[in-house]
Amino acid sequence: MKGTVSAGDPTKLTFKVVSIDPDVKNMTVRDYKWNTKTWGAATTISLFPRRN
């Protein structure tokens with residue numbers, strides 16, 4: 001489903017791809033640019049419980 005940005009410009013259509021590495025307890029979210037078939041920005045966060 002296209003959003004408000006990609007509805008008028010299909011070159012801006014991206015998908016979020018989420019992967020979880022259970023060994024190190026990390027989750028990575030990456031952009032996949034549909035039109036160019038390339039990967040964009042990625043963010044990785046730890047799934048370990050926070051300690052106060």
message = Among the residues of segment 26-37, are any in contact with a helix residue (DSSP H, G or I) (Cβ under 7 Å, 6 or more places away or on another chain), among the polar types (S, T, N, Q) and either in contact (Cβ under 8 Å) with a residue 24 or more places away in the chain or at positive phi (or both)?
response = yes
task = Report, by residue number, each residue of segment 17-35 that is surrounded by 10 or more Cβ atoms within 10 Å (Cβ to Cβ) and not aliphatic (A, V, I, L, M).
result = SER19, ASP21, LYS25, ASN26, THR28, ARG30, ASP31, TYR32, LYS33, TRP34, ASN35
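Any read-out appearing in this document is the output of simple, stated calculations on the displayed coordinates, not a laboratory observation. The structure displayed is predicted, hence computed values, not measured ones. Heads up, the Cβs are rebuilt from the backbone with ideal geometry, glycines too, and the neighbour counts pull from every protein chain shown.
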